[in-house]
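Notes follow once the structure below has been shown.
Only the coordinates and a few stated rules stand behind these numbers; no lab work does. In this text the structure is predicted, and so the values were computed from the model without any measurement. Note: ideal-geometry Cβ built from the backbone for every residue, glycine included; neighbour counts use all protein chains shown.
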Amino acid sequence: MQALRKNIAEMARYIPGYQPEDGGWIKLNTNENPYPPSPQVVAAIQAELANGGENLRKYPDAGSREARRVAAELYAVDPAWVIMANGSDELLNNLIRAFAGEGEEIAYVHPSYSYYATLAEIQGAKIRTFGLDGDLRLADFPDRYTGKILFLTSPHAPLGFSFDNAYIEELARRCMGMLVVDEAYVDFADVSALELVKKYENLVVTRTLSKSYSLAGMRLGLAIARPEVVAALDKIRDHYHLDRLALVAAVAALQDQSYLETTVARVRETREWFAGELRQKGYRVEPSQTNFVFAVPADKDARRVYETLFERKILVRYFTDPLLAHGLRISIGTRQEMATVLAALAEIG
Ligand SMILES: Cc1ncc(COP(=O)(O)O)c(C=O)c1O
């Protein structure tokens, strides 16, 4: 394998959250939505499969035009400002490919979504991380950051807070390269940086349909950015990156905003109730703008809690990273699932 690029040979694989093969789990480790997608999505997929799947014979629309139109209408921008993607991960990857050449630098907040680092390693880009200070600002962030991209996960994962827009604007001004605001969880939040895309040339917002739209299994994401950025991302993506079923699912999901509002409201309500119950049990729970909470047990022995829940077939996310190993990221499931978690925690003590 002498031909293998050195950085690929040396890099570690990204390990996504565990997906058990057997049934019977309460699965709260990858921030999936506990509710099914909109019935309109299922109907659209069924319609696309009509006549014995006749449509599948043909390539999908390489430009995702209908989905872009619907997304653009929803976000009140021109369709030239929108790109659809095979999960927002595809966009994060292509943003690095488009903006950061080999040896050039990208940065992200540590802790946050570590997949940025994996994607940068594949590209052979340099990686810089910025920690969080006590005010949840980026520690030691330069007045003029000259790296090619800063990835800002907002709402933050796994801590759950949102950066406020005044601070995001400040970062956009301090970044000489691109500022990518990864809004994977924003539909569960009170604030969004979307309006800033028009104000700052270097600002890109990425979104996913995996969480709030219950479509992790379809692999759908999108970005809102200036047309020049969208055009660059259009050049480097696979031309048929979204299949026909994903495209009709995207359109139906984005069009059914009342379904989204109902399920998001339920998740938010369960989140607040669950966080309150955990606090009563002595956990420290960060206020969350997402569909998960970061919960720290009183003795900070999160690993023990993780393992004991695992034995009861309740799956939550434990990170070995020393900055996070004192807590657990627990996705918000149905109220009944969360009640089962609370009952298990009461037994564990
Ligand atoms: C912060 C963040 N960004 C992006 C993603 C990827 O989302 P998608 O399923 O759209 O690829 C995730 C998924 O967990 C995430 O937590």
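Looking at the range 39-256 only, what percent of DSSP beta bridges run antiparallel? Nearest 5 please.
If we restrict to bridges inside the range 39-256, about 35 percent are antiparallel.
In terms of Cα to Cα distance under 25 Å, which lysines are near enough to residue 58, apart from those fewer than 8 places away along the same chain?
Cα-Cα hits under 25 Å: 235.
Can you list which of the DSSP-assigned H helices in the chain have a Cα extent of 18 Å or more along the long axis and an average Kyte-Doolittle score of at least -1.0? Please report the intermediate quantities before stating the final value.
Details: long enough: 257-280 (34 Å, -0.92); 335-348 (20 Å, 0.69).
Membrane-span-like by this criterion, though nothing is claimed about a membrane: 257-280, 335-348.
Tell me which residues come under 5 Å, amide H to amide H, from residue 105 once H is placed; ignore anything under 5 positions away on its chain.
Residues meeting the amide H criterion: 126, 148.
Stokes-Einstein D for the range 1-153 at 20 °C, 1.002 mPa s, Kirkwood Rh over Cα pairs, in µm²/s?
Answer from the Stokes-Einstein relation: 110 µm²/s.
In terms of Cα to Cα distance under 19 Å, which lysines are near enough to residue 300, apart from those fewer than 8 places away along the same chain?
Cα-Cα hits under 19 Å: 281.
Tell me, what HN-Hα J-couplings in whole Hz come from the Karplus equation 6.51 cos²θ - 1.76 cosθ + 1.60 at θ = phi - 60° for each residue of the range 214-224, using x for Gly and Pro?
Whole-Hz 3J(HN,Hα) from phi for the range 214-224: 6, 10, 4, x, 9, 6, 9, x, 7, 10, 10.
Taking the chain as a Gaussian network, Cα atoms linked when under 10 Å apart, which of 145, 108, 213 shows the biggest mean-square fluctuation?
Result for the chain, Cα springs under 10 Å: 145 fluctuates most.
What list of ³J(HN,Hα) couplings, whole Hz, do you get for the range 287-300 from phi and the Karplus terms 6.51, -1.76, 1.60, once you set θ to phi - 60° and write x for glycine and proline?
Per-residue couplings from phi come out as x, 10, 10, 10, 9, 8, 10, 9, 10, 10, x, 4, 8, 6 Hz.
Mean-square fluctuation check for the chain, GNM, Cα pairs under 10 Å: which of 22, 256, 78 is largest?
Comparing 22, 256, 78 in a Gaussian network model of the chain, the most mobile one is 22.
Where a Cα-Cα gap under 20 Å defines reach, which aspartates and glutamates qualify for residue 27, not counting those fewer than 8 residues away within the same chain?
269, 272, 277, 307, 311, 337, 347
Could you rank the peptides 5-15, 279-289 by their average count of other C-beta atoms within 10 Å per residue, with the highest value first?
Values: 5-15: 10.2, 279-289: 16.5.
Highest-to-lowest ranking by the protection proxy: 279-289, 5-15.
May I ask you to order 49-62, 124-137, 147-160 by the average number of other C-beta atoms within 10 Å around their residues, highest value first?
Numbers: 49-62: 11.3, 124-137: 14.7, 147-160: 24.3.
Peptide ranking by packing, descending: 147-160, 124-137, 49-62.
Taking the Cα atoms of the chain, report the difference between the largest and smallest coordinate on each principal axis, in whole Å and largest first.
Principal-axis extents of the Cα atoms in the chain, largest first: 56, 55, 49 Å.
Please figure out what share of the DSSP beta bridges in the range 1-154 is antiparallel and state it in percent, rounded to the nearest 5.
Roughly 10 percent of the beta bridges in the range 1-154 run antiparallel, per DSSP.
Given the range 92-219, what percent of its DSSP beta bridges are antiparallel, to the nearest 5?
The antiparallel proportion sits near 5 percent.
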